[in-house]
Amino acid sequence: MSLPPVGLAHYLAVAVLLFAMGLFAVVTRRHAIGVLLGIELMLNAASINLVAFNRFGPLVTVKPGAGVDMADGQIFALMVIALAACEAAVGLAIILRLYQTLATVEPDDADRMRW
Amino acid sequence: MIADWAERIRAFSEGLCTRFGIPGLLVDVLAWIFGAIFVLLLITVVALAAIYLERKVSGYIQSRLGPMRVGPIGLFQTPMDALKLLEKEDIVPRDADRFLHLLGPVLLVSATVMMFAVIPWDVRANVGRWLDWEIGLLYLVAVSGIGMLGIVCGGWGSNNKWSLLGALRGVAQLISYEIPLVLAAMCVVLQAETLSLSQMVEQQQAGIWAWFLWRPWLMLPAILLLIAGIAEVNRTPFDIPEAESELVAGFHTEYSGMKFGLFFLAEYTHLFVVGLLFAVLFLGGWASPLGGSNLPFEGLVWLNLKAWIFVLIAMWVRWTLPRLRVDQLMAMCWKLLIPASFAALVIVGVVLMYA
Amino acid sequence: MKELVWIIPLFPFAACAVLMFFGAGLKRRMGEGVAWIAVVGIAATLPFSLGVLTELVLGAPSYSCAAPWAVLAGRTLEVGFQVDALSAVMLVMVSIVATCIMVFSAGYMHGDDGYQRFFAYMSLFCGSMFLLVLASNFLVLYVAWELVGLCSYLLIGFWFYKPEAARAATKAFVVTRIGDLFFAIGVFLLFIYAPGLRFEETFAAIRTGTMSASIAGIAALLLFGGAVGKSAQFPLHVWLPDAMEGPTPVSALIHAATMVAAGVYMVARLSPMYWASLDQAIVFGLPALSVVACIGLITALMAALIGVTQNDIKRVLAYSTISQLGYMMVGLGMGLAGFVAGVFHLITHAFFKALLFLGSGSVMHAMQEELDMGKMGGLGRKMPVTQWTFWAGTLALAGIFPFAGFFSKDEIILATWHVGQAEGRWVFFVGLEIGVFLTALYMGRLCFNVFSGSPRTEVAEHAHESPAVMLWPLRILAVFAVFLGWIGSPWVMSNLFHRFLAGMRPELEGTHAVGFNWTVAGASTALAAGGLLLAAAMYYWRVFSPEVLKKVLWPLYAASKRKFWFDELYGYTVVAGTVLLSKLMAAFDVLVIDGIVNAIGWGTRVLVAQLIRWFDLIVIDGAINVMAFLTGLVGEAGARLQSGKVQDYVAGLAIFAATIAAAAVLAALWWRLGTPLPW
Amino acid sequence: MREMRETRGFVLGPYNPSPTTGLVDVPPRRRLTVWNALWLIAEGAWTILVGHWVTLRNFWRKKVTDQYPHRQARRNWLPGPGYRGDFALITDWKTWELRCIACLQCQNVCPSGCIHITPEGRGRERHPVEFYIDAGLCQYCWLCVEVCPASAITMTPDYETAVDTPRKLIRDIDYLRTRGLEFDDVQRPLEAQQTAEAEHEDKGE
Amino acid sequence: MNLVQYYGLTAEQWLEYVGFLGTAGVALVSGLGVLFARRVLHAAVWLLFCLLGVAGLFALMGAHVLFGVQILVYAGAIAVMIIFAVLLLERATGRGILSGNRHLFAGVVSAGAFVVVMAPTLGVALWAAGWPSQTAPTTGQTNVALIGRLFLTRHLLAFELMSVVLLVAMIGAIVLARAERRSDAEEAPEAQGGGAAHVPTEEARPS
């Protein structure tokens, strides 16, 4: 029985699981910040994918000896992190305002936009 | 010389493996473990020495002797303290968050210890991949961020207003002073054109005047790093988190026993690490002032010496300057240090571009 | 001076404007002095008109100027003024008489609260009279004609708070309007057929034949209808006696001298049209001119007869004016021979009739507004100036030798004599002679009753002479009444007036003043004296009482007393007719039209409404309700989706995304890669 | 340099108006110009260095700590006169026995009741057999010394009375006698010397 | 060295495998911790560990800069910020995830749908691509230098834009968060003394 070396599949598997967890957190968490955490998880899963594809993805034929400098995935992941920072900041500000106005933190209570 | 030192560890671990039949490939792992153990020992010794030295120096500055009772000239004072702390009962305040209470010191200590991974001891660049990491400085700064979290957990976990306030202030201070620290380090990065610390040291080998400190344009970053370094460690001019007069003991008010010890240990180790960082960045790591190094352990000695100089300076500063008020602290960081560090960065950039 | 003729109407109009707009203010400040504005307004015209007259007398040609006013159907309507012998004479007459009357009324109207309003209307009247006289085309003539009618209405009804005055004013206005109707139709006829509205153009057209004589005749006759209304001739004379309700100066100016004379002046102005249509049988086979004459004759006789039995001095004078106008119409009716006579009598009559009216005004003033002869008597001693001026006017009117009346009236009678000799129609001569006798009779009666004898009431006792401001105009007019006649007499430059007037008319070119016929003059003078003596006998010497005559000529007396029942006649016929007509129309309106509308209303309210209500309820509301129900249903279902819970949305999003992703990936694999799928 | 010192201090912080801003005639705060700022920084740095030089110099100075247990006899260790330290019963050096006549005055006056005496004998032979002073309870109010007719009891300037169990704080008669003897040979000459000096100083002025 | 191929992997690969399992395990376990931690603060701390796990994965994949940035930015700053936010809101504790949560079903369905859909598809795709695991040989450049160069050449625009986005987000967050004080004073005078004073306790909150 031979184990396959650590490849794209492994990372994708982790990413999918993490994303599913994030999604589950976002949907079920009763605390607004819990939702935010879920979102962070999903973002991380996405960035794992990015870096994984950057590393294993480009099956370009390469001249022997020459190296391929492909770091776009990583840069993309960096951007994702930066954006996650912005998103978290604004998200938290909104949650704070939500808390101040509605004195609750549960997303279910903020349901004034219903029919 | 140190090269064989690392080799010697490796050989020793290999011997072990063969003796106990551990598969070959784990030899590297074993070597790493021994290295880690070595570093841990070094840390504990350094911490104890630092604490002892702190009390001695503060005494001597205040024209008093400092601890003299325990041991010949009080040498056994700190170990005894440590023992005392060990046997003291570890109290967790009622309905405090036990998990966070424990997590506080753990995070802080682990962060501080992790910092030692990238310090270039007296090693030739080619030995030990794990020693010469290409993002050394970034790793250092990143890990210090984690330490900050430890303070927060500690503050919140002890369910007490003072500690919470101390934690919030501490984090605010750390976050603020991280910026000038990083920017000052960036100046050196610009100069050395690499993030890995060992390569920086490589460039400072040629005798005392090759050290970066003596480069005129790097002097300002050096001063900034000094100040920010002291602030990063929450040392006296900037030690508002556990300012005795206001916040009893800041975020480690509710700690007793070994957790308190851990905090104490972490603080001094962090001080030592910053000293090491300062030494590596500006005083040419394990480079001997006379240039060239041939004695075994010579690099190690020089590095530690420079680090200790920094630590002493820190202590010296601690026992002269009064504590800064919170808004003065913040104002100084945001209105003085950060602009200065930006300026320094620009100057270094320009100088390196055209000089 | 001729060129400045257009200023003349301007002065009185200006005075009127000032008085009209600033009258109240001025009255407060100047008090009675307001009158002098009007007087000045009129007096200013005196020098101009005299200047114009002298220029024309010295042989200057007639002058006319015109300004285009509007363009109607291709014709330019002009405001034009014309000055020739006829209008110059009239100008002078009007300005002199008006001035005297204005001065007189300054005194007479003393103490009246509408003081400035009176003078404003008087100035307006004088202005429009000048306009009428100076008019050079039919349009201006018609405008002036209407203005004059308006002023007469305003002035008759000056004391509008007196019901009979208001009624008299409306009566005068309506009757003259009937006359004006014919006048307007005439003008329209001319507007259509005549090349231009200007008199000279019309006469030239008639002369050259471009306009047919018959139409000229008809137009002339229609215009004469207007004159009948305005000059109170036979059928339309009823308004003049009632017009006496107005203040006396008004009667003097309007109903003696000017307005009523306007009709005669208009006929004189248009005489060439009459002369041209002599051979056209217009009405009952008579040419227009003879119609004029006949109506003149009838009016003269009838008025004289009524005048004899009136007790109110102003009514007597009114009827005397009507009869004298009849005389003028007869004069003009005699064609080329009587034209100059008619005009001359018009001028002289204006003066002494104004004098008589003013005299009666001063009498009334003295008698505190009392008009009935029965209540007067013996005023002669108390009012000597009024008496002798009144006697001068009476003698002039009767036609005694040195006075103006003798020459002018005598010339008309002479003209009828010639016509009688020429055509054998003696009826005019006989009629007029009877008129002379009657005129003398009623004037004598009037004078003796008022001035001689003993005062019959204490009011008469206390009567006293009028103030100087009233007496001086009387004296001036008296002077004119006495000496004006001479300018028409054959001894003065062989009838100066005739030569002056004849010079204007080409047709008159050939004729010259008719010699002085002693027989005719003698006859008329004798008749006049007879009348006077009869009056004196009855009222002065009281030889026999008038009752004797009343019993003998009782039908004539009754008829005369009731003014030949004209008022009643018109009352029953015209007035009653219109009233009846209006009632009929009202009835028709109420019954027929309102009835129909109400019926329709009722119908809709009851029947149709029910129908519509049923339809609306069932059909339309039904449809809408169904629609509402449906949308509600759909809405309900749709709303269920939006639970407001943020996390439900996220779940939905995720599921949806997942399915899409799956589909896309499978599709891609199935088509693009063509890889054999594991299953 | 002098002028700069008089001016109001420059504060790095933002200009935050206090509630009475503008109401009281406070001299306007000088705005921080660039040169002022630079001069300020320089001056600040210099003061810090001077401070450090002071501490450094102090680092090498002779230390004042006196290792307590093995202290050098130096006069300034002695507390001033009238220090109320441990108790002592004075022995009359002529008759070589305690002056205390067991009159129980001190026992009665003691507010905290920490003196317990068992008297014996009558008249001139009256002497205490047992004399306990519970130093733990005593509040060192000096009343017993004052009230003693025979001035037999006194408080020595000895402050090193730490013991490791409370029971030892109850001083018995022997302990008090020995302290009294010590007090005599040590304390009296010193007191004499001190009073002599005091008189000399008074004469000097 | 007699490095023996154990289970078909070289020592290097073994090391990497172990490393991968370790970090992935940390990441996934702490992910679960984020999900099921009863108190949100614990969830936040678990998130921190998850982030460190992910950072480890990045390091394993050779993205060292990303490792550093992840720890410095994500774990160091964002996690701290989230924890701060939780500290502020701690009193209004949300109930645990499992206690009678109406959305449990929705959560399971959506997460399940996602996994059910993505896993086989990816599996098929990867199976089709033959479990790619070899990486392209790289030039001698260190990751730091490469990222630095790329940032300032090819992706300069993204780099600059990101600074703008960060600035805007910062301003937005400040405005949003700061409004509370002013509005407190203006709008709701009775809500003085910060939000905590009148936060309805667990029971008082309407069900």
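Can you give me the relative contact order of chain C as a percent, contacts being Cα pairs under 8 Å and 6 or more apart? Please list the in-between numbers first.
Working: 1035 pairs, mean separation 72.2, N = 679.
About 11 percent, as a whole number.
Ratio of the stretch C:432-575's C-alpha Rg to 2.2 N^0.38 Å, to two decimals? Intermediate results must be reported in sequence, preceding the final value.
On the way: Rg = 21.4 Å, N = 144, 2.2 N^0.38 = 14.5 Å.
Here the answer is 1.47, to two decimals.
Expressed in Å, the radius of gyration and Dmax of the Cα atoms of chain C are 39.7, 165.
Membrane-span-like helices in chain B, defined here as complete DSSP H runs extending at least 18 Å along the helix axis by their C-alpha atoms with mean Kyte-Doolittle hydropathy no lower than -1.0, are B:2-20, B:26-61, B:98-115, B:136-157, B:161-192, B:216-232, B:257-282, B:298-318, B:338-354; this is a sequence and geometry rule, not a statement about a membrane. The Kirkwood radius of the stretch D:87-190, taken over pairs of alpha-carbon atoms, gives through the Stokes-Einstein law at 25 °C and 0.890 mPa s a diffusion coefficient of 175 µm² s⁻¹. For the stretch B:143-270, the convex hull spanned by the alpha carbon atoms encloses 112 Å³ per residue.
The residue list C:333, C:281, C:121 was ranked by how far each Cα lies along the charge dipole of chain C toward its positive end, using unit charges on Cβ atoms, and C:121 comes out on top.
The angle between the Cα long axis of helix A:8-28 and the longest principal axis of the Cα atoms of chain A comes to about 0 degrees, rounded to the nearest 10. For the residue pairs C:162/C:314; C:230/C:550; C:230/C:583, the C-alpha atoms sit more than 23 angstrom apart in C:230/C:550; C:230/C:583. Residues in the stretch C:18-29 carry Karplus couplings, in order, of 4, 5, 5, 7, 9, x, 4, x, 4, 4, 4, 7 Hz; the curve used is 6.51 cos²θ - 1.76 cosθ + 1.60 with θ = phi - 60°, and Gly or Pro positions show x. Axis angle, to the nearest 10 degrees, between helix A:32-56 and the longest C-alpha principal axis of chain A: 10 degrees.
Contact order for the stretch B:93-354, expressed relative to its length and based on alpha carbon pairs under 8 Å spaced 6+ residues apart, stands at 26 percent.
Work out, step by step, the length gained on full extension between residue B:33 and residue B:350: first 0.36 nm times the residue separation, then minus their alpha carbon distance; give nm to one decimal.
So the chain would gain 109.7 nm between residue B:33 and residue B:350.
Report the far tail of the P(r) of chain B, meaning the percent of Cα-Cα pairs longer than 32 Å. Walk me through the numbers before you get to the answer.
Values: 21634 of 62835 pairs.
Result for the distance tail: 34 percent.
Average the reciprocal distances over every distinct pair of alpha-carbons in the stretch C:494-635, invert the result, and give the Kirkwood radius in Å. Final number for the Kirkwood radius of the stretch C:494-635 is 26.3 Å. Over all projection directions, the Cα-based convex hull of the protein assembly as shown averages an area of 131.2 nm². Relative intensity of chain A on a log10 scale, I(q)/I(0) at q = 0.11, 0.12, 0.14 Å⁻¹, equals -0.52, -0.59, -0.72, per a Debye sum over C-alpha point scatterers of equal strength in the absence of solvent. Shown in residue order for the stretch C:520-525 are the 3J(HN,Hα) couplings computed by the Karplus curve 6.51 cos²θ - 1.76 cosθ + 1.60 at θ = phi - 60°: 4, 4, x, 4, 5, 4 Hz (x for Gly and Pro).
What does the highest-first list of C:414-424, C:659-669, C:474-484 look like by mean Cβ count within 10 Å?
Values: C:414-424: 18.5, C:659-669: 13.4, C:474-484: 21.4.
Ranked from most to least packed, the peptides come out as C:474-484, C:414-424, C:659-669.
About its Cα centre, the protein assembly as shown has a charge dipole of approximately 2440 debye under the convention of +1 per Lys or Arg Cβ and -1 per Asp or Glu Cβ, with nothing else charged. Structural descriptor for the stretch D:109-196: relative contact order 26 percent, calculated from alpha carbon pairs under 8 angstrom and at least 6 residues apart. For the stretch D:96-104, backbone phi angles converted through the Karplus equation (6.51, -1.76, 1.60; θ = phi - 60°) give residue-by-residue couplings of 6, 9, 4, 6, 5, 10, 6, 7, 6 Hz, Gly and Pro being listed as x.
If you plug the beta carbon distance of residue C:659 and residue C:619 into 1/(1 + (r/R0)^6) with R0 = 51 Å, you get a FRET efficiency near 0.60.
Please say if the stretch C:92-209 is rounded, prolate or oblate, where rounded means a/c under 1.5 for a ≥ b ≥ c the square roots of the C-alpha gyration tensor eigenvalues, and otherwise the choice is prolate for a/b larger than b/c and oblate otherwise? It comes out oblate by the Cα gyration axes. On the principal axes of its alpha carbon atoms, the stretch C:374-509 extends 59, 32, 20 Å, with the longest extent given first. Taking Lys and Arg as +1 and Asp and Glu as -1, the other residues whose beta-carbon sits under 15 Å from that of residue E:78 total -3. Here, the stretch B:79-233 has an Rg and a Dmax of 18.9, 59 Å when only alpha carbons are counted. Highest mean packing first, where packing is the average number of other Cβ atoms within 10 Å per residue, the peptides C:435-444, C:36-45 line up as C:435-444, C:36-45.
Could you give the alpha-carbon Rg of the stretch C:191-298 over 2.2 N^0.38 Å, rounded to two decimals? Computed over Cα atoms of the stretch C:191-298, the ratio equals 1.20.
The numbers here are math on the coordinates, done by the rules we state, and not lab data. Please read all numbers here as calculations on a predicted model, not as lab measurements. Reconstructed Cβ throughout: ideal geometry from the backbone, glycine too, with neighbour counts over all protein chains shown.
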